[in-house]
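Note sheet for the following structure.
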Amino acid sequence: MKAFVPLFAATLIATAGNAQAADSCPATLRFADTGIEGTEELQRAFHDFVTEVENRLGVDVEFFPVGNRTTAINALRFEQVDIVLAGPSEYVLMAARVEGVQPISAIVRPDYYSVFIAPTGSGIESLEDLRGKHVAMKDHGSTTGHIMPSYMLDQAGLDIDRDLQITLLDGARMQALASGEVDAVGTGVRDFAPFVEQHGEENYRIIARGQDMPGDPIVAGPHLSSECVSFIQEAFMEDPDGLLQAILAPGERDKYIGAEMTRVDDSEYDIVRDSYALLGLND
């Protein structure tokens, strides 16, 4: 016969368990996003998220701006930051350069893959047709604007150093395509719709599509105990939609509209690792 535990007693036991788990974490957790430079922007974008995290974990959360992947990696290495929201590329570098980083969860975005766009009627129908052509991409290290387009070209049998000209044009890449300065663009698929809306759907087409990218992982530093990380992970995954809504609330991270939060499968990032090896970015 099962022992009966009164509801009040069960609540006390659960509360005590949560308190004990929370005690494994620092009283204050420092949070960063690799895509945000300033404290003011970080606070504006993630204020609601941090409030939600504080309520779930019973700890304080401070903003720690990093601005770029190098700063984030060093901040993790020297225990200056505890939790970092990163992109797939940043995660691969963090895992390679900071031993023992611990993924908590990942935000899987919809429509997160690379495409190549070329003018209709240009004779460019496939990646093979880019041989001898001039291709624009985004900025150095961008997951869907540089890393994956380069990988796609390599997988299509093209030598990215010899068989075509690649120029990293960042924000000017789409205008370069529109003006005819380049023959095609390798970029994230979300660039396509606004571009053809402005320049005509009949004038440009997608000639190649990459595979879906893994999610943006939320990563804990190796200095946090495994008990603390497990506690955070379970608190996040208990109501992942609530956390996502808190991220979306300020209207600063629309790229996560329609996203879902999942547990991290590290093997899903192997394609990014392969791409990094191709470009020599692991060193």
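In this structure, ASP212 does not satisfy being among the charged types (D, E, K, R) and part of a helix (DSSP H, G or I).
In the set (1) at pLDDT 90 or above; (2) open to solvent by 50 Å² or more (accessible area, probe 1.4 Å), GLY35 fails one condition alone, (1). Among the residues here, ILE271 does not qualify as assigned to a strand (DSSP E or B) and either aliphatic (A, V, I, L, M) or at pLDDT below 95 (or both). Out of LEU153, LEU158, one residue alone is surrounded by fewer than 24 Cβ atoms within 10 Å (Cβ to Cβ), at pLDDT 95 or above and in contact with a helix residue (DSSP H, G or I) (Cβ under 7 Å, 6 or more places away or on another chain). It is LEU158. Inspection of region 225-241 finds a residue satisfying the criterion of being of a type outside the set (Phe, Trp, Tyr) and over 21 Å from ASN55 (Cβ atoms). Filtered by the rule that a residue be surrounded by fewer than 19 Cβ atoms within 10 Å (Cβ to Cβ) and in a strand (DSSP E or B), region 187-206 gives ARG205, ILE206. Among residues of region 235-260 that are surrounded by 14 or more Cβ atoms within 10 Å (Cβ to Cβ), those with a Cβ under 9 angstrom from a residue that is among the polar types (S, T, N, Q) and in a helix (DSSP H, G or I), sequence gap 6+ or separate chain, pair up as ALA235/ASN18; ALA246/THR51. Scanning region 80-98 for residues that are farther than 20 Å from MET237 by Cβ, out of contact with any helix residue (DSSP H, G or I) (no Cβ under 7 Å at 6 or more places or on another chain) and modelled with pLDDT of 95 or more turns up just one, GLN80.
The values are calculated or read from the model by the stated rules, or taken from the named source; none is laboratory data. The model shown is predicted, which means the values in this text are computed figures rather than measured ones. So basically every Cβ, Gly included, is an ideal-geometry build from the backbone, and we count neighbours across all protein chains shown. These area figures cover heavy atoms from the full protein model, side chains too; ligands, DNA and RNA do not enter into them. Shrake-Rupley method; radii C 1.70, N 1.55, O 1.52, S 1.80 Å.
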